[in-house]
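Asks: Below you will find the structure I want to go over with you.
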Amino acid sequence: MDSQRLMPASSIKESRDFKNTKECRSWSWTGDLHRILCMQGGEDDVSYAKNSDGPAAALGLSKPLLMEAIQSMKLFKGEASLRIADLGCATGYNTLTTVELLVDRLSERYYEECDGVPEFEAFFSDLPSNDFNTLFRSLPTLYGSTRQHYYAAGVPGSFYHRLFPKRKLHIAVSLSALHWLSQIPKPVLDNTSLAWNKGRAWIDGAKEEVVEAYAKQSEEDLISFLQCRREEIVEGGILFILMAGRPGSLHPEHQLGDPDSRAKHPFTSSMDQAWEDLLNEGLVDEERRDTFNIPAYMRSPDEVRKAFEQCTGFEIRTLEYRKIVEHSKEKQEEWIKDPVSYGRAKANLVRASLKPIIEAHLGPKLSEELFKRYEKRASGDTEMLHKTCFYGVIIVCAVRI
Ligand SMILES: C[S@@+](CC[C@H](N)C(=O)[O-])C[C@H]1O[C@@H](n2cnc3c(N)ncnc32)[C@H](O)[C@@H]1O
């Protein structure tokens, strides 16, 4: 990347953005995250819709388990409609293809095993800031005009709260979403606390106190999620969860498996370096850097099992940790020849998932400066480019009993 594309510090300092960063943040990491957090909307190069290959690969990996769950699910005979919810749907084709797959497979089963096929209702649920317009614009292209597979509706709200009336849903899925926490734990934002997360945007490799605070938040959040779904899912209904996770053997300080995967992950080294660059160039102060924390936590299978045990009301049928390769061999070879495009792809990935919260923290101009520095750092790390890295996921299928 060409360093001339970086905006000179003087012109950024003069911008309204920088002077007003304190004032422009009229929301809090602890109470209002649900108003800010979302994936980048639209369909351009930095949108989630164009940068969701990782979640698509995770979905591909978990599909056989989802199909197994549907195959063995109790059929609700006599119901006029079956109700499916995708919690944390975002935009793009992962949610649409999943709902389509569920409807098709269930239709086949009803056709083969019952007197008639019910109608289907699909609830696409995400935080209110999600780009539901883009999502719904994709609906007709997916199913064409000839056949109406299901009735679609959007449900805005946090999955850490109730979203549906009691015993409403037959199937709830949540794909690559539950590793997002409901808030940044309060001690992590308190500069007098031992859990103050200085110099890091995330918790991988952070101090024990920071990690403990995140782990506690994650535990509370998962229990809240399960308690809400326990109310909403009918007896015999299915809860299927795919979320980013870590192997059971790893302490939560090590969120990301092997050291290479950790170093290369979008939330770690390049992100911290980009913040450090802004700090060294005088574009942000330490407080602004240190109050930015990424609200994500990779749970272990044991942590997930414990939450189910505490919540009760579900019987776990499957609970697995699996690894997926970060990207294909062909893509890696392409990027090795062109590290600049690698840096850009990585920065776009970060924009797609973090731009809304980074902009809320820094304002649009400084955020763009951060992404440019991220891009430069990522493309400059040619050693990492040669390494094959992995993401970890946890897949759970449970039946409401
Ligand atoms: C990485 S995207 C996954 C999207 C889609 N399920 C997929 O597999 O491509 C994570 C989604 O979870 C949503 N999300 C995060 N926290 C949430 C919450 N508390 N309630 C509802 N949705 C949430 C985000 O807004 C985002 O759209």
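Asks: Based on the Cβ-Cβ distance from Ala56 to Arg105, what FRET efficiency comes out when R0 is 30 Å, to the nearest 0.05?
Replies: Efficiency at R0 = 30 Å is approximately 0.95.
Asks: Just subtract the alpha-carbon distance of Gln71 and Ile324 from 0.36 nm times their residue separation and send over the number in nm, one decimal.
Replies: Difference between extended and current length: 88.6 nm.
Asks: If you stretched the chain out fully between Glu309 and Glu220, how much longer would it get, using 0.36 nm times the residue separation minus the C-alpha to C-alpha distance?
Replies: Separation in residues times 0.36 nm, less the Cα-Cα distance, equals 30.7 nm.
Asks: Moving on. If N is the number of residues in segment 59-207, what value comes out of its Cα radius of gyration divided by 2.2 N^0.38 Å?
Replies: Cα-based Rg divided by the globular estimate yields 1.30.
Asks: Once the Cβ-Cβ distance between Ile316 and Asn280 is put in as r, and R0 is 41 Å, what FRET efficiency do you end up with, to the nearest 0.05?
Replies: Efficiency at R0 = 41 Å is approximately 0.25.
Asks: Let me ask something else about it. State, to one decimal in nm, how far the label point of Cys114 lies from the label point of Lys337, with both points 7 Å from Cα in the Cβ direction.
Replies: That separation, rounded to one decimal, is 5.3 nm.
Asks: Using 18 Å as the Cα-Cα cut-off, could you pick out the over-long pairs in Lys186/Lys216; Lys77/Lys168; Lys329/Lys387; Lys63/Lys306?
Replies: Over 18 Å apart, Cα to Cα: Lys63/Lys306.
Asks: I would also like to ask the following. Kindly provide log₁₀ I(q)/I(0) values, in the same order as q = 0.10, 0.12, 0.13, 0.14 Å⁻¹, from the Debye equation applied to equal alpha-carbon scatterers of the chain.
Replies: Debye output, listed in q order: -0.68, -0.97, -1.12, -1.29.
Asks: Which values, in whole Å and largest first, are the semi-axes of the equivalent ellipsoid of segment 226-372 obtained as the square root of 5 times each eigenvalue of the Cα gyration tensor?
Replies: 34, 21, 15
Asks: Rounded to the nearest 500, what is the 222 nm mean residue ellipticity of the chain from helices alone, with -39500 (n - 2.57) per DSSP H run of 4+ residues and division by all residues?
Replies: Rounded to the nearest 500, the figure is -14000 deg cm²/dmol.
Asks: Considering the options Gly282, Phe132, Leu349, tell which one lies farthest towards the positive end of the dipole of the chain, charges being +1 on Lys and Arg and -1 on Asp and Glu at the Cβ, about the Cα centre.
Replies: Positive-end residue among those listed: Phe132.
Each reported figure results from applying straightforward, stated rules to the coordinates on display, with no laboratory input. The structure presented is a predicted model; accordingly, all values stated were derived computationally and were not measured. Counting neighbours? That spans all protein chains shown, and the Cβs are built from the backbone with ideal geometry, glycine included.
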